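Participant: The structure follows.
The values are calculated or read from the model by the stated rules, or taken from the named source; none is laboratory data. Everything numeric in this text was worked out from a predicted model, so none of it was measured. When we count neighbours, we look across all protein chains shown, and the Cβ atoms used for this are built from the backbone with ideal geometry, even at glycine. Ligands, DNA and RNA are excluded from the accessible area calculation, which covers all protein heavy atoms including side chains. Shrake-Rupley method; radii C 1.70, N 1.55, O 1.52, S 1.80 Å.
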Amino acid sequence: MVQGSSADTGVARRMASLLDADYVQVEHKLFPDGESYVRIPVDVRGADVVFVQTIDEPRDKRLIEAALITDALREAGARRIIGVIPYLAYTRQDRVFRRGEPVSIRAVLKMLYAAGLDALITVEPHKPEELEYFPGRHTYVSPMSLLARHTSRLVSNPLVLSPDLGGVRRAREFASKLGADFDYLEKHRDRVTGEVSMKPKTMRAEGRDVVIVDDIISTGGTMAKAAGMLRSQGARRIIAVCVHALLVGGALEKLLAAGVERIVSTNTLPTPEQVDTVDISPLLSPAVRSIVGTAR
Ligand code: R5P
C-alpha cells in the first residue's frame, strides 16, 4: 500500500502504479491554531506501508507531519513502515560548523526513527554517509543517469563542472554517464553572512557547452556565480542541473539573469514550468521493492 500525503509531487501515485500497489491519500488538515492533523483512512493492520512525504515548504511542518503519519501507521498496526522522503531537509547541517550548533540531520533522523519509521528511502542526500544517523534500514537513489540522459539532448561536447569539491562525486558520476569532460570550481561560503565566493580552477570553458551539476539549488547564489564566471570565460551555453530545486526567493530569475540557459531538475520538489523536470519514481520503486522483498 502506498500512501500519499499533502506533500507529494505525484511521485506517490506513480510509485503505487509501478509497484502495482493500492494508493491511499492520507487525510490532512490544520487545526485553527496551525497544528497539523493527519489520519490514515484505511485499515493497515499487518500491511507493509510505504508513505511518500517530501519535505516541501513549510519544511518544519512537513517533518512533523512525517512523524505524525509514522505514529498513526504504527498505532494502526502496520507491519512495516517505509518512508519515502524524496527531498530530505536539513542534510546540509551534517556537522557542527560553529560551536553551539546542532547536527541537524542527526536530530531529524532520530526523530523519525523514534516515531516508528522502520525504513527510510531518499534521493541524493547531501552526503550519503549522514543517513547512518538513521538506525533503521536506509538507502538512497542517485538520479544522475536520468538527469544525464535528459541533458544529453540539450548539449554538444559538454564540459561538466561541480561548483565545489564537495559535489565532485555526483558531478563526476553525471559526467561519466554523459561521456563528458569533467572539472570543478572552488567555492567558499561565509558561515556568518552566507556570502559565496568562488576561486576559478584552471579550465577552458571558452566555446563549450557547460553543465554545472549540484545537489541543491536554493537561493541560486552558487550556480549564478559560477554561471557569471563561466560566461565571462566565453562559455557558449550554460545548463544548470540539480536534484532538488528549492529555488527560494528569486532564484530562478537570478539564474536566468546570470546567463543560465536551461535548468534541469528532478521532481523531488514541485518545480516551476521553466524547469525541465525528470521523474524519479522509476528509481524509487525498485528501492522499495528491495526493502519490502526482504524479511523484517
Ligand atoms: C552546498 O553545499 C550545496 O551543495 C549547494 O551548493 C548549495 O546548497 C546551493 O545553495 P545556493 O543555491 O543557495 O547557493
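Participant: To the nearest 10 Å², what's E132's accessible area with a 1.4 Å probe?
Facilitator: 130
Participant: Right, something else. What is the angle, in °, between the Cα long axis of helix 281-292 and the longest principal axis of the Cα atoms in the chain? Nearest 10 is fine, range 0 to 90.
Facilitator: That works out to roughly 40 degrees.
Participant: Write down the percent of antiparallel bridges among all DSSP beta bridges whose residues are both part of the chain, to the nearest 5.
Facilitator: 15
Participant: Leaving out ligands and nucleic acids, and using a 1.4 Å probe, what accessible area per residue does the stretch 144-278 come to in Å²?
Facilitator: 43
Participant: How far is helix 59-75 tilted, in degrees, relative to the longest principal axis of the Cα atoms in the chain, given as a value from 0 to 90 rounded to the nearest 10?
Facilitator: Helix 59-75 and the main axis of the chain meet at about 30 degrees.
Participant: Roughly how many debye, to the nearest 20, is the charge dipole of the stretch 11-154 about its Cα centre, given +1 on each Lys and Arg Cβ, -1 on each Asp and Glu Cβ, and no other charges?
Facilitator: With Lys and Arg at +1 and Asp and Glu at -1, about 420 debye.
Participant: Right, here's the next one. When DSSP beta bridges are limited to those with both residues in the stretch 144-278, what percentage is antiparallel, rounded to the nearest 5?
Facilitator: 15
Participant: Sticking with this one: Which percent of the accessible area of the chain is formed by carbon and sulfur heavy atoms (probe 1.4 angstrom)?
Facilitator: Carbon and sulfur together cover 48 percent of it.
Participant: With respect to the cross-link table entries K110/K225; K61/K110; K127/K177; K177/K225, which display a Cα-Cα separation exceeding 28 Å?
Facilitator: K110/K225
Participant: Return the whole-Å distance between the Cα centroid of the stretch 146-163 and the Cα centroid of the stretch 247-272.
Facilitator: The stretch 146-163 and the stretch 247-272 have Cα centres spaced 16 Å from each other.
Participant: Quick one, what does Rg over Rh come out to for the chain if you take C-alpha atoms and the Kirkwood Rh?
Facilitator: 0.99
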